[in-house]
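Novice: Below is one structure. I have some questions about it.
The values are calculated or read from the model by the stated rules, or taken from the named source; none is laboratory data. Values in this document were obtained by computation on a predicted structure and should not be read as measured data. In this analysis, Cβ positions are derived from the backbone assuming ideal geometry, glycine residues included, and neighbour counts consider all displayed protein chains.
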Amino acid sequence: MGAVASLFVERPGRAKNYDEWKEALAANGAAIDARAATAKDPVQASKVLRHISGIERWGQRRLRVLLGEPPIADEYDEYRPGTDLSLDEQRAFFGETRGATLTLIDQLKAARIGDDVTAPHNDFGPLTARGWLRYLDIHASMESKKIRRR
């Protein structure tokens, strides 16, 4: 999996600086929300957003390791929002989650976190900050395609 991460996560992750990642994640977050707003099946869309938000919050915890928080070995399950949220509530949760990622990007930039520091991904191994941003971006974008539009 390390070779896959190098080719599809780390290499494209290095292609953008923090400002470019912030812009891309903001734009892609808006596109995901727009897709969810026009979902054909609100229940299915809620499930997809719940998964996306859980993975992103889990990834945020890993990014905070790069800022000095202690590393932990966990899964994304505990980071997901509740199953009882409506689609509008899931959309709001995703918006807050993406906003927190954008704030983390500013913190990473201010701390001058470079590619010499990594945090572990459960499957892909150690990822740099920009590798994590790439992972969060492609994961959310790919998963959001499961939301069928009207």
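Novice: Taking segment 1-19 as the region of interest, how many residues are modelled with pLDDT under 95, over 16 Å from the mean Cα position of the chain (by Cα) and not small (G, A, S)?
Specialist: 5
Novice: Now for a different question. Taking segment 45-62 as the region of interest, how many residues are among the β-branched types (V, I, T) and either out of contact with any helix residue (DSSP H, G or I) (no Cβ under 9 Å at 6 or more places or on another chain) or surrounded by fewer than 22 Cβ atoms within 10 Å (Cβ to Cβ) (or both)?
Specialist: Counting residues in segment 45-62 that are among the β-branched types (V, I, T) and either out of contact with any helix residue (DSSP H, G or I) (no Cβ under 9 Å at 6 or more places or on another chain) or surrounded by fewer than 22 Cβ atoms within 10 Å (Cβ to Cβ) (or both) gives 1.
Novice: Filter segment 102-125 for residues that are closer than 12 Å to D19 by Cα and surrounded by 18 or more Cβ atoms within 10 Å (Cβ to Cβ) and give the result.
Specialist: L104, I105, L108
Novice: So for segment 126-134 (the condition being out of contact with any strand residue (DSSP E or B) (no Cβ under 7 Å at 6 or more places or on another chain), more than 18 Å from D74 (Cα to Cα) and surrounded by fewer than 13 Cβ atoms within 10 Å (Cβ to Cβ)), does at least one residue qualify?
Specialist: Scanning segment 126-134 turns up no residue that is out of contact with any strand residue (DSSP E or B) (no Cβ under 7 Å at 6 or more places or on another chain), more than 18 Å from D74 (Cα to Cα) and surrounded by fewer than 13 Cβ atoms within 10 Å (Cβ to Cβ).
Novice: Can I ask one more? One residue is enough: does segment 9-29 have a residue meeting the conditions surrounded by 14 or more Cβ atoms within 10 Å (Cβ to Cβ) and over 22 Å from F94 (Cβ atoms)?
Specialist: yes
Novice: For the condition touching a residue at least 60 places away in the same chain (Cβ under 8 Å), at negative phi and within 15 Å of the chain's Cα centre (by Cα), what is the one hit in A100, A39, A140, A45?
Specialist: A140
Novice: Scan segment 19-35 and report the pairs whose first residue is within 13 Å of I138 (Cα to Cα) and whose second residue is of a type in the set (D, E) and surrounded by 15 or more Cβ atoms within 10 Å (Cβ to Cβ), with Cβ atoms within less than 7 Å and a gap of 6+ or a chain change.
Specialist: A24/D137; L25/D137; N28/D137
Novice: So which residues in segment 123-145 are at pLDDT 95 or above and of a type in the set (F, W, Y)?
Specialist: The answer is W132, Y135.
Novice: Give me the residue from segment 63-101 that is among the small types (G, A, S) and within 25 Å of A129 (Cβ to Cβ) and, out of that set, surrounded by the most Cβ atoms within 10 Å (Cβ to Cβ).
Specialist: G95
Novice: Which one of A92, A100, A111 is farther than 22 Å from K145 by Cβ, touching a Leu at 6+ places or on another chain (Cβ under 9 Å) and among the hydrophobic types (A, V, I, L, M, F, W, C)?
Specialist: None of the others qualify; the one that does is A111.
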